[in-house]
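A.B. asks: This is the structure, below, for whatever I ask next.
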């Protein structure tokens, strides 16, 4: 998860009962595997003394920041959202590295086309294709 992030800032009041997601997310960030995935990721913890709700602010490697309300969002949901966005960033970078335009625009008429060899065509084989498959399965060869 940290491999997609350049900075994580976790803010919470330790006496606030709503800090569960912050504590869990902090534990995930401090895990050996997470740290090894991106040792350069900055992890900041800000302990508050006011009534401000707990929050997790992440900065992705492309500079985009996102703030999560940790009082109403679970650590698992935050992690999943980060991974989803990270996979999107990886795909975008792969296209850019290969001098392809991003985002990829697929014309509507191409989306709705059916192509030979797709599931649609294979679900309804012709009678000749059925006979050929039967002969092949029974004899092991098509050329008998």
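The values are calculated or read from the model by the stated rules, or taken from the named source; none is laboratory data. Predicted, not measured: the structure shown is a model, and the values here were computed from it. Methodologically, a virtual Cβ is constructed for each residue, glycine included, from the backbone with ideal geometry; neighbour enumeration extends over all protein chains shown.
A.B. asks: Do the conditions hold for residue 128, that is, is it within 30 Å of residue 62 (Cβ to Cβ) and either part of a loop (DSSP other than H, G, I, E, B) or at pLDDT 70 or above (or both)? Steps first, please.
C.D. replies: Numbers: within 30 Å of residue 62 (Cβ to Cβ): no; either part of a loop (DSSP other than H, G, I, E, B) or at pLDDT 70 or above (or both): yes.
No, not satisfied.
A.B. asks: Just one of (1) buried (at least 16 other Cβ atoms within 10 Å of the Cβ); (2) touching a helix residue (DSSP H, G or I) at 6+ places or on another chain (Cβ under 9 Å) trips up residue 13, so point out which.
C.D. replies: Only one criterion in (1) buried (at least 16 other Cβ atoms within 10 Å of the Cβ); (2) touching a helix residue (DSSP H, G or I) at 6+ places or on another chain (Cβ under 9 Å) is unmet by residue 13, namely (2).
A.B. asks: Given the structure, is residue 92 out of contact with any helix residue (DSSP H, G or I) (no Cβ under 8 Å at 6 or more places or on another chain) and surrounded by 13 or more Cβ atoms within 10 Å (Cβ to Cβ)? Reasoning before the result, please.
C.D. replies: Working: out of contact with any helix residue (DSSP H, G or I) (no Cβ under 8 Å at 6 or more places or on another chain): yes; surrounded by 13 or more Cβ atoms within 10 Å (Cβ to Cβ): yes.
So residue 92 passes the test.
A.B. asks: If a residue has to be assigned to a loop (DSSP other than H, G, I, E, B) and either out of contact with any helix residue (DSSP H, G or I) (no Cβ under 7 Å at 6 or more places or on another chain) or modelled with pLDDT under 95 (or both) to count, how many in segment 46-68 make the cut?
C.D. replies: Final tally of qualifying residues: 10.
A.B. asks: So in segment 16-39, with the set limited to residues that are within 21 Å of the chain's Cα centre (by Cα) and in a loop (DSSP other than H, G, I, E, B), which one is surrounded by the most Cβ atoms within 10 Å (Cβ to Cβ)?
C.D. replies: For segment 16-39, the residue satisfying everything is 38.
Each row is one residue, and each column tells you yes or no for (1) modelled with pLDDT under 80; (2) part of a helix (DSSP H, G or I); (3) surrounded by 10 or more Cβ atoms within 10 Å (Cβ to Cβ).
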residue: 73; (1), (2), (3): no, no, yes
residue: 79; (1), (2), (3): no, yes, yes
residue: 84; (1), (2), (3): no, yes, yes
residue: 105; (1), (2), (3): no, no, no
residue: 141; (1), (2), (3): yes, no, no
